[in-house]
Amino acid sequence: MPELPEVEALSSFLAARVVGREIARVQVVAISALKTYDPPVAALEGRAVGAVGRRGKFLDFEVGGVHLVVHLARAGWVRWRDSLPVEPAKPSSRNPLAVRVGLEGGDGFDLTEAGTKKGLAVYVVRDPVEVPGVARLGPEPLDLGVEEFAGLLRGERRRLKGVLRDQTVLAGVGNAYSDEVLHVARMSPYKLASSLTEEETARLYEALGDTLRDAVERSRGLAAGELKAEKKVGMRVHGRTGLPCPVCGDTVREVSFADSSLQYCPTCQTGGKPLADRRMSRLLK
Ligand SMILES: [Zn+2]
């Protein structure tokens, strides 16, 4: 899933290509992706793109007073096309194309979604906060002071892994970067957020900022097609089960967590002890 650094890079990539240009047509190929009906999609057509920005994991295109807000979800992506087919795309359950945005001049971009679990969502609104997921977002982690960050954790009875990737707490951090931040901070994903000392809070805050800033820096200027590979290369523990930890050489391990799984290094994060897989132990009881 694209998270803050990738969506930030996509937003700059698109801004450089679409700002100041008129949208000629918007074709919603996967009808289920469109979550709003007023204003209609046609309201975007014939107007120029004023700005492209990011809030959390959402992309926001400001188009003559109307906003096209996009959430790429788990498997959504942006594909830039120097030349779009003139014929309208045919909807099909196997077609990854969800929405096509054509500019005057014949170029444009496709919003695509791989796989069968469809989550990509597109909204046409007058104000981005009309999108429920945007209205619920917590603060942007890179605009956050350490005191404000400490305030988010205070009284929070959940485990760090769950708190960091909760969009209502912090906007833009998902499954991958929460694993990475916890590894950089040398903290167990199962640690209770409210149990952090002042020193630990500062360490986690620093790890959060460093990890995201580093990823944003590495993604900067990359084309949409290169971002996924760059994200993968930059990972220390996430998606690296069974591989050596780049810091200590221990084997990266995986446990299930909520609806997915997390990866961590026992030596760096949990005092050398593997975490119990709660889903597994429940099955064995
Ligand atoms: Zn390690």
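Since every read-out is calculated from the coordinates, none of them should be taken as a lab result. Computed from a predicted structure; not experimentally measured. Glycine also receives a Cβ, built like all others from the backbone with ideal geometry; neighbour counts cover every protein chain displayed.
Odds and ends about this structure:
- Rel. contact order, % - alpha carbon contacts under 8 angstrom, at least six apart, the chain: 18
- Note on the stretch 111-224: Cα convex hull, mean projected area over all directions, 8.9 nm².
- Protection proxy ranking of 87-93, 217-223 - average other beta-carbon atoms within 10 Å, highest first: 217-223, 87-93
- Structure note, pairs Lys35/Lys191; Lys118/Lys191; Lys57/Lys191: Cα-Cα distances above 29 angstrom occur for Lys35/Lys191; Lys118/Lys191.
- Projected-area mean, the stretch 53-164, by convex hull of Cα positions, square nanometres: 9.6
- Over the residues of the chain, the helix contribution to mean residue ellipticity at 222 nm works out to -8000 deg cm²/dmol, using -39500 (n - 2.57) for each DSSP H run of at least 4.
- Remark on the chain: ratio of C-alpha radius of gyration to 2.2 N^0.38 Å is 1.08.
- Computed from the C-beta positions of Glu140 and Arg81, the FRET efficiency with R₀ = 35 Å rounds to 0.70.
- Semi-axis lengths, Å, the stretch 147-187, gyration tensor of Cα atoms, sqrt of 5 times eigenvalues: 16, 12, 10
- Share of pairwise Cα-Cα distances greater than 20 Å in the stretch 168-285 is 46 percent (whole percent).
- Over 17 Å [Cα-Cα, the stretch 1-105], rounded percent: 53
- Dividing the convex hull volume of the alpha-carbon atoms in the stretch 88-153 by its residue count gives 174 Å³ per residue.
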